[in-house]
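Novice: Please find one structure pasted underneath; my questions will follow.
The values are calculated or read from the model by the stated rules, or taken from the named source; none is laboratory data. The structure displayed is predicted, hence computed values, not measured ones. Reconstructed Cβ throughout: ideal geometry from the backbone, glycine too, with neighbour counts over all protein chains shown.
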Amino acid sequence: MKRIVTATVRNQSGVLNRITGVMSRRQFNIESISVGHTEFPDVSRMTIVVHVDDLQQMEQLTKQLNKQIDVLKVTDITDESMIARELALIKVATTVATRSEIYSLVEPFRASIIDVGKDSVVVQVTGTQDKVEALIELLRPYGLKEIARTGVTAFTRSMKKQEKQQAMLIN
């Protein structure tokens, strides 16, 4: 099963290597990793999409990652209310005749053409993995020249006011 894990880490050399090393030694299949600075310059956030066999294996992975030097917090957010997005750049073969068709295909996806060449265009799309996959499949018959994807980046949604009040009553 696919799980989405976020990790806040110190922005230090070697952190990514240690985290992927732990996952590699335990033979977890990493689908994607995205890393970027947070609101604090010395802290980065990693979003890792990983395949695990069961929840017990996921719990073991979370514990192992939390033990790593420079890891501040690891959270499996798969079952939480979250916002997850991916960016893809797709270079598609075009001719004069097919260019307008491609423009009309990308519009409903709120994607944009960011480069136009003599025999290709580059499409930029952001959204869920499903949205990105759907657009790629629609563009495939025209001839895909190159695809570059960022991988998923995600974090949990803010709690609604009513949920906060309920949480305060429980505590």
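Novice: Can you tell which of Lys63, Lys145, Lys73 is over 23 Å from Ala7 (Cβ atoms) and either assigned by TED's automatic domain parsing to the domain that holds Arg26 or of a type in the set (Lys, Arg) (or both)?
Specialist: Sole residue among the options that is over 23 Å from Ala7 (Cβ atoms) and either assigned by TED's automatic domain parsing to the domain that holds Arg26 or of a type in the set (Lys, Arg) (or both): Lys145.
Novice: Conditions: (1) surrounded by fewer than 17 Cβ atoms within 10 Å (Cβ to Cβ); (2) modelled with pLDDT of 95 or more; (3) of a type in the set (Asp, Glu). Glu86 meets all but one. Number of the miss?
Specialist: Every condition holds for Glu86 apart from (1).
Novice: Can you tell me which residues in the stretch 66-77 are part of a helix (DSSP H, G or I) and either loosely packed, with under 12 Cβ neighbours inside 10 Å or under 19 Å from the mean Cα position of the chain (by Cα) (or both)?
Specialist: none
Novice: Pairs only if they're at least six apart or on different chains, beta carbon under 8 angstrom, first in the stretch 54-78 and under 17 Å from Ile30 (Cα atoms) and in contact (Cβ under 8 Å) with a residue 24 or more places away in the chain, second among the charged types (D, E, K, R) and surrounded by 15 or more Cβ atoms within 10 Å (Cβ to Cβ); list them, first residue then second.
Specialist: Here the result reads Met58/Arg3; Met58/Asp76; Thr62/Asp76; Asp76/Arg3; Thr78/Arg3, each pair linking the stretch 54-78 to a residue that is among the charged types (D, E, K, R) and surrounded by 15 or more Cβ atoms within 10 Å (Cβ to Cβ).
Novice: Let me ask you something else. Provide a single number: the residues in the stretch 1-42 that are part of a strand (DSSP E or B), in contact with a His (Cβ under 9 Å, 6 or more places away or on another chain) and over 15 Å from Phe155 (Cα atoms).
Specialist: Looking only at the stretch 1-42, we keep the residues that are part of a strand (DSSP E or B), and these are 2-10, 29-37.
The next check asks that each one be in contact with a His (Cβ under 9 Å, 6 or more places away or on another chain); those that pass are 2-3, 29-31.
Now narrow it down to the ones that are over 15 Å from Phe155 (Cα atoms): 2, 29-31.
Number of matching residues: 4.
Novice: State all residues of the stretch 103-144 that are in contact (Cβ under 8 Å) with a residue 40 or more places away in the chain, out of contact with any helix residue (DSSP H, G or I) (no Cβ under 6 Å at 6 or more places or on another chain) and among the hydrophobic types (A, V, I, L, M, F, W, C); if no residue qualifies, say none.
Specialist: Val132, Ile136, Leu139, Leu144
Novice: I'm trying to understand the selection: among the residues of the stretch 117-132, which are surrounded by 11 or more Cβ atoms within 10 Å (Cβ to Cβ) and either under 13 Å from the mean Cα position of the chain (by Cα) or among the β-branched types (Val, Ile, Thr) (or both)?
Specialist: Within the stretch 117-132, Val121, Val122, Val123, Val125, Thr126, Gly127, Thr128, Gln129, Lys131, Val132 meet the criteria.
Novice: Does the stretch 90-110 contain at least one residue that is surrounded by 12 or more Cβ atoms within 10 Å (Cβ to Cβ), under 15 Å from Ile4 (Cα atoms) and modelled with pLDDT of 95 or more?
Specialist: Checked the stretch 90-110: no residue is surrounded by 12 or more Cβ atoms within 10 Å (Cβ to Cβ), under 15 Å from Ile4 (Cα atoms) and modelled with pLDDT of 95 or more.
Novice: Then there is this: In the stretch 43-57, which residues are farther than 19 Å from Gly151 by Cβ and at pLDDT 95 or above?
Specialist: Correct list: Val43 only.
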